[in-house]
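Notes for the one structure printed next.
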Amino acid sequence: MDVATGPGLVAQDAATITDAANIIGLDMSAGMLGQCRDKLPIQVVLADAQALPVAPVSMDMLSMGYALRHMHDLRATFAGYLDVLKPGGHVLILEVGRGDNRLVQRLLRFYLGQMVPLLSGVAASQDSMRHMAYYWDTIEVRVPPARILDTMQSVGFSKVRKHTSFGVFHAYMAERPL
């Protein structure tokens with residue numbers, strides 16, 4: 001299950017390692033699910049990422065790409081994710097954080113605020129610029145990595161760890177104990 005799947009970018013990568021028929025994309029935006037469905041032949045579910053409408057102990061893996069900072073109750077969200085995973089199941093949460101290095105932070109702001117809209121061909125779009133400004137503002141108020149790791153462990157995940165690239169791109173990984 002790819003939670004907060006948006007246009008399906010993480011689900012698309014998942015489809016390179018498993019049959020698309022095995023992937024469920026969940027999002028609370030019908031428009032995003034439509035975009036996802038146009039790209040991938042996966043099942044899509046309109047629902048809130050903080051209240052998964054799936055049976056307990058039913059998922060082998062759960063992913064979430066770049067949406068964690070929108071969750072209101074981190075503990076309840078992670079407990080719900082743990083609940084739906086099968087024993088030995090994995091969770092992968094991707095998130096962008098603030099860089100500790102000022103140069104890295106400036107490069108990230110330039111990349112997300114200027115390059116991404118330009119490369120996507122919508123640099124002139126006011127909607128695109130507002131979206132990137134909103135995205136940047138949510139990065140500014142992101143959940144601190146230590147809190148994410150501590151909360152994952154406190155709800156019962158095992159093998160909780162974080163991999164960071166370029167000082168700002170975080171991958172949080174854990175498993176449901178056997």
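The values are calculated or read from the model by the stated rules, or taken from the named source; none is laboratory data. Remember, it's a predicted structure, so these values are computed and weren't measured experimentally. Here the Cβ positions follow ideal geometry from the backbone for every residue, glycine too, while neighbour counts run over all protein chains shown. The area values use the complete protein model at the heavy-atom level, side chains included, leaving out ligands, DNA and RNA. Shrake-Rupley method; radii C 1.70, N 1.55, O 1.52, S 1.80 Å.
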Extension length gain for Asp38 and Arg106 (0.36 nm per residue less Cα distance), in nm, is 21.0 nm
Taking R0 as 35 Å and r as the Cβ-Cβ distance between Arg161 and Leu46, the FRET efficiency 1/(1 + (r/R0)^6), rounded to the nearest 0.05, comes to 0.65
Applied in sequence order to the range 63-76, the curve 6.51 cos²θ - 1.76 cosθ + 1.60 (Karplus, θ = phi - 60°) yields integer Hz couplings, x standing for Gly and Pro, of 10, 8, x, 6, 9, 4, 5, 9, 7, 7, 10, 4, 4, 5
Put Met64, Met59 in order of accessible area, largest first, probe 1.4 Å, and you get Met59, Met64
Applied in sequence order to the range 145-162, the curve 6.51 cos²θ - 1.76 cosθ + 1.60 (Karplus, θ = phi - 60°) yields integer Hz couplings, x standing for Gly and Pro, of x, 4, 5, 4, 4, 4, 5, 4, 5, 5, 8, x, 5, 10, 6, 6, 7, 9
So for the range 1-87, using the alpha carbon gyration tensor with a ≥ b ≥ c as root eigenvalues (a/c under 1.5 gives rounded; past that, a/b versus b/c decides prolate or oblate), I'd call it oblate
